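Encoded as structure tokens, the structure appears first; notes follow it.
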Amino acid sequence: MNDFLEAFFSWEILSEAWPILLDGLGQTLLLSAIVIPLGAMGGLTLALLSTAKSRWVRWPLIAYVDVFRALPPLVLLVFVYAGLPFAGLEVSAIGAVAIGFFLNTGAYYGEIFRAGLESVPAGQAEAARALGLKRPQIMALIVLPQAVRNVLPDLVSNTLEVVKLTSIASVVAMPELLFQARQAQSVTYNATPIMAAAVAYFILLWPLVRLLSRLENKQLASRR
Amino acid sequence: MSNWDKFLDSFFNARVAAEYLPKIIDGFWLTILLAACVIATGLFAGLVLAVLRAMGIRPLNWLIIFTVDLFRALPPLVIIVLIFFGLPGLGLEFSGFAAAWIALSLVLMAFAEEIYWAGITSVPKGQWEASRSLGLPFLVTFLLVIMPQAIRLVIPPLTNRTIAITKGTALASVVAVPDILGAAQAGVSFSFNPTPLTLGAAAYLLLFLPVVILGRWVETRFAWKR
């Protein structure tokens, strides 16, 4: 038991490591604040474009979404970070993360928004049109709010996944929470910093998981 | 050399591709093996948790809910790193493959339990009561009465979640597993040319694009009737 505490919950190590862990937590939050709006905006744009009637617009969009959902995010990130310099484009770690995340999470958000838009009955848009609303008004005021409500659990779930996913930025030396914890662990030969990072992730994300469980149950109850 | 030639020479270099293709193919099989292991253990463990939860023992259920929440909240890479770099401190050494297998299985277990559970609770209580009045034991009721009704509801989200978590096998490259990404990265650093990464990306597309399209099909096939 003592060995276990010493290896994972050493106060001595934690008191030394917490400033850089806190730094990392800040970076994780900052990174999330950048990539979530970026991905959501990209996804919404994809979904709105895919409401086009022409299949010459819709099919390339479906292909785009499927390709970037098929590539593991870490593969995209490594490709952007390690590959682009060979094409003469030097990208910083945060630039690579922004691009990689935009491609991946944009595709996921796009698929969710698209499902949401499709879930709104056509009668809603027709009724709005009969009342004399213009196309952008119909989308922004009538269809989109209902679409978002219908897929809210999926949107929350994806957002949770994106925050968790920021941990892969550690692979390209972004000094976020996991990276800092790994640094501290390799200096001290003790797993306490990683344990502390895990606890921080859990405290940060547990409320979101609970909220998600509740939303999912509510959605299920309404469908029964 | 024009810019275009330079680009081709970097990302589609035939000589480098020929040299590293066998390594990528080895990685391809390793990725499939890891994915298969994760899917088998993760889905099974999730089902076991769901069965236990259906028995309705209060303290046990709290423990299950906490475990599920825990592995839904923790990033998979953090769990992998914790197992691979943390547990040796207790004298428990795991290979990178084992660490990734355990970590991703725990994550899939958590998500799968949640989905099975949603399916189970969607089946009306009367079904449990009717089976009980017919004298069916718990496990028989669960497997032959409840599950067949729940499964239709469960398949689309379970398919999508399994695909998403299986893509996490690429994380194993961080703990030195020579899977597709691991082999590709090693290739890049040896050849100082990004062609192995192009091959790697192509290998992932070959593996996951059909699965993603299958997921799309499953979603429409088992869609909600409104």
Original post:
With a sphere of radius 13 Å drawn around the Cβ of B:Asn193, what net charge do the other residues whose Cβ falls strictly inside it have (Lys, Arg +1; Asp, Glu -1)?
Top reply: 0
Original post:
In whole percent, what relative contact order does the stretch A:2-223 give with Cα contacts below 8 Å and a gap of six or more residues?
Top reply: 32 percent
Subject >> Alpha-carbon centroid distance for the pair the stretch A:20-36 / the stretch A:105-122, whole angstrom >> reply: 28 Å
Subject >> Extreme residue, positive dipole direction of the protein assembly as shown, given options B:Thr67, A:Phe202, B:Val212 (C-beta unit charges) >> reply: B:Val212
**OP:** Please give the solvent-accessible surface of B:Lys125 in Å², to the nearest 10, using a probe radius of 1.4 Å with every protein chain present.
**Re:** 150 Å²
Original post:
Around B:Gly42, what is the net charge, scoring Lys/Arg as +1 and Asp/Glu as -1 over all other residues with Cβ under 15 Å from its Cβ?
Top reply: +1
Subject >> Net charge of neighbours whose Cβ lies under 12 Å from the Cβ of B:Leu90, counting Lys and Arg as +1 and Asp and Glu as -1 >> reply: -3
Original post:
Which residues, if any, in the stretch B:41-76 have at least 20 Å² less accessible area in the whole protein complex than in the isolated chain, probe 1.4 Å?
Top reply: B:Phe66, B:Asp69, B:Leu70, B:Arg72, B:Ala73, B:Leu74, B:Pro75
Original post:
Rounded to the nearest 20 Debye, what is the dipole magnitude of chain A about its Cα centre when Lys and Arg each give +1 and Asp and Glu each give -1 at the C-beta?
Top reply: 1480 debye
Original post:
How big a patch of accessible area, both sides summed and in Å² to the nearest 100, lies buried between A and B at a 1.4 Å probe?
Top reply: 4500 Å²
Subject >> J(HN,Hα) series, the stretch B:93-104, from Karplus relation 6.51 cos²θ - 1.76 cosθ + 1.60, nearest Hz, glycine and proline x >> reply: 9, 10, 6, x, 4, 5, 4, 5, 4, 4, 4, 5
**OP:** Label the protein assembly as shown by shape, choosing from rounded, prolate and oblate, from the square roots a ≥ b ≥ c of the eigenvalues of the Cα gyration tensor; if a/c is under 1.5 it is rounded, and otherwise prolate applies when a/b is larger than b/c, oblate when it is not.
**Re:** oblate
**OP:** Sticking to Cα atoms, compute the Rg of the stretch B:1-90 to one decimal and its Dmax as the biggest Cα-Cα distance, whole number, in Å.
**Re:** 22.3, 72
**OP:** Could you tell me which of A:Ala125, A:Pro72, A:Ile99 has its Cα farthest along the dipole of the stretch A:2-223 towards the positive end, charges placed at Cβ (Lys, Arg +1; Asp, Glu -1), taken about the Cα centre?
**Re:** A:Ala125
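The values are calculated or read from the model by the stated rules, or taken from the named source; none is laboratory data. None of these values were measured; they are calculated from a predicted model. Positions of Cβ are backbone-derived with ideal geometry, glycine not excepted, and every protein chain shown enters the neighbour counts. Keep in mind that these areas ignore ligands, DNA and RNA; they rest on the heavy atoms of the full protein, side chains included. Shrake-Rupley method; radii C 1.70, N 1.55, O 1.52, S 1.80 Å.
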